[in-house]
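The values are calculated or read from the model by the stated rules, or taken from the named source; none is laboratory data. All figures in this text were calculated on a predicted structure; none of them were measured in a lab. As a convention, Cβ positions derive from the backbone with ideal geometry for all residues, glycine included, and neighbour counts pool all protein chains shown. These area figures cover heavy atoms from the full protein model, side chains too; ligands, DNA and RNA do not enter into them. Shrake-Rupley method; radii C 1.70, N 1.55, O 1.52, S 1.80 Å.
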Amino acid sequence: MNAPILAINGLEIEIQKKTRPVSPVRGVSFSVGKGEAVCLVGESGSGKTVSALAVMGLLPHPPFRVKSGSIFFEGVELTSLRRREISRMRGRRMSMVFQEPMTALNPVFTIGYQIKEGIAAHERLSSGQLHGRALEMLGQVGMPEPEYGLKAYPHELSGGLRQRAMLAIALAARPVFLIADEPTTSLDVSLQARILKLLSNLRSERGLALLVITHNLGIVAQVAQRVVIMYAGKIVEDAPVLDIFDAPLHPYTRGLLESIPYSAGQGGVECSEKCRLRSIPGNIPPLDAIPRGCPFQDRCREAMDVCRTVDPVDINVGKSRIVACHLYGSL
Ligand code: SF4
């Protein structure tokens, strides 16, 4: 097993509210190995993006606050660093691609300027070298006309090209770890496949470690080596990708799998007679109304009395698999 490049332990994040604080992230622990691709999966409101922003040191404080736990990146504990120290790491060693390129890109600067600015913040290069590196980055992310891309403003590019431009900016300083938050949400299926292939290539060729945040298990099948499933601020299952698809253990993981249409090439599983789509009933509980016991109890077909009173703990199932559910308490 690779030494982890990122190790999150018992992370709890609080949001200050007028009445009382609420916790969108409640004791989260997982890791990403060097050159490993991990997908963090869950519905909106499960705490995925808040966890990622905490890693990047981008949570606004207030109202957010890391209440407890640790985030180690390349052996350095991030939660105790000053903002200036984290921002030095950001871009150079770790980077993030955001869900919506139009809000993440600066509309008043060209793509070329934004790529060069990212490189210049960490490396001393001549303007010719900066130009060459920016062109190279746009070529790597598959921008069809890199020279045009350099001079373009964000609004002059299509959604797919903006996504690529944002990836080029994120990768410009050659980070070793990239967080991609719903990196293909606004793209059509063929562009989605190209971006995912690009991420996989960067991982295999450059050893880039990836944390891909998504609610789409089709994406997971294309990029992940390991999958971490999150629900109501907690990790409910953490397992190698094949185990998740072959034998999902947590009822929430099973529900997610039952609610996606499979097809050959998307999860490698053909749809058959038995392959009925079933959505998970109900909704994720709001942060101020997470029930005592298992947070999934009101949506779980297998809920037992104990689930209403006792919080399930992490159970090791095999060498590299964890599930938090009372169904596996006796294993
Ligand atoms: Fe369902 Fe109980 Fe497992 Fe929660 S702990 S997922 S309610 S069986």
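Table for the structure above
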read-out: Compactness of the chain as Cα Rg over 2.2 N^0.38 Å, two decimals; value: 1.03
read-out: Cα-projected label distance for R20 with K197, points at 7 Å along beta-carbon direction, nm; value: 5.3
read-out: Cα-based Rg / Dmax (Å) for region 142-185; value: 11.0, 30
read-out: Within region 153-182, backbone nitrogen closer than 13 Å to the virtual label 7 Å beyond the Cα of L125 toward Cβ; value: 168-175
read-out: For the chain, share of DSSP beta bridges that run antiparallel, in % to the nearest 5; value: 60
read-out: Cα coordinate range in region 12-68, projected on the principal axes (Å, largest first); value: 42, 22, 16
read-out: Centroid-to-centroid separation of region 134-184 and region 1-25 [C-alpha atoms, Å]; value: 30
read-out: Reachable aspartates and glutamates, given that their alpha-carbon falls under 19 Å from the alpha-carbon of K18 and they are not under 8 places away in the same chain; value: D288
read-out: Extension reserve of the H61-V306 stretch, reckoned as 0.36 nm per residue once the Cα distance is removed; value: 84.5 nm
read-out: Fluctuation leader among R124, R162, R174 - the chain, Gaussian network, Cα springs under 10 angstrom; value: R124
read-out: Length released on extending from R82 to S158, taking residue separation times 0.36 nm less the Cα-Cα span; value: 23.6 nm
read-out: Using alpha-carbon coordinates, inclination of helix 111-120 to the longest axis of the chain, degrees; value: 80
read-out: Semi-axes of the equivalent ellipsoid for region 1-128, Cα gyration tensor, largest first, Å; value: 27, 19, 15
read-out: Highest average packing first - 193-201, 36-44, Cβ atoms within 10 Å; value: 36-44, 193-201
read-out: For the chain: accessible area per residue (Å², 1.4 Å); value: 48
read-out: Entries of K197/K319; K67/K116; K34/K197; K34/K319; K48/K151 with Cα pairs more than 26 Å apart; value: K197/K319; K67/K116; K48/K151
read-out: Sulfur and carbon atoms: percent of accessible area, the chain [1.4 Å]; value: 52
